[in-house]
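Single-structure report; data block below.
Readers should treat all values here as calculations from the given coordinates under stated rules, not as data from a laboratory. Model, not experiment: these values are computed from the prediction. Glycine gets a Cβ as well: all are built from the backbone with ideal geometry, and neighbour counts include every protein chain shown.
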Amino acid sequence: MIPTEMIERIEAGSVYYTESGCLEWIQGCTPAGYGLMWLGDRKQDYVHRVMLKAHGRDLDGLTVDHLCERKACSNPKHLDVVTREENTRRMRDKNWQAHLVTIRPSLGLYERLADRAAC
């Protein structure tokens, strides 16, 4: 599937929240809350990773940090490609958590959304 078709497929299977800008996958999630989609040939992948790949991002050896804290969100503006170590550091770092509070308005995010279940 070419990138444009993949993006359209993700958008069709998602709900867009205008108040947050999150594009949340509602077609199925892992027990941890990450959006999961079938790619064919009995292969599945995380929706946020598929979206970034469709936008031309190279994810080899890297992980994705959801700046909005919504695991089912696939809005590329809310996703940051980082190393696993950086993602873990951000989760544990109180200064990073404080930084998120300051950048959320620029992302259109005004509240912590992680407590709201998507799937």
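Spin-label model, E85 to L39: label points 7 Å out along the Cα-to-beta-carbon direction sit 2.7 nm apart.
Springs between Cα atoms under 10 Å define the GNM used for the chain, and in it the highest mean-square fluctuation of G33, G61, G13 occurs at G61.
How much mean residue ellipticity at 222 nm does the chain get from its helices, if each DSSP H run of length 4 or more adds -39500 (n - 2.57) and you divide by all residues, to the nearest 500 deg cm²/dmol?
-10000 deg cm²/dmol
Sites listed here are trypsin sites (Lys or Arg not before Pro) in segment 1-105 whose DSSP assignment is loop and whose Cβ has at most 10 other Cβ atoms within 10 Å: R42. What stretch of the chain, leaving out the sites themselves, is the longest with no GluC sites (Glu not before Pro) in a DSSP loop having at most 13 other Cβ atoms within 10 Å? Counting at most 13 other Cβ atoms within 10 Å as exposed, the longest clean stretch of the chain is 20-110. The lysines within cross-link reach of K43, meaning a Cα-to-Cα straight distance under 17 Å and a gap of 8 or more places when in the same chain, are K53.
What you get for the chain, charging only the Cβ of Lys and Arg (+1) and of Asp and Glu (-1), is a dipole of about 280 debye around the Cα centre.
Ranking V82, L36, W96 by how far each Cα lies toward the positive end of the dipole of the chain (charges on Cβ) leaves W96 at the top.
Of all lysines in the structure, the ones whose alpha carbon falls short of 25 Å from that of K94, not counting any fewer than 8 places away in one chain, are K71, K77. How many nm separate the modelled label positions at E5 and T18, each set 7 Å beyond the Cα in the direction of the Cβ? Using points 7 Å along Cα→Cβ, the separation is 3.2 nm. Compactness of segment 3-107, taken as the C-alpha radius of gyration over 2.2 N^0.38 Å, stands at 1.07.
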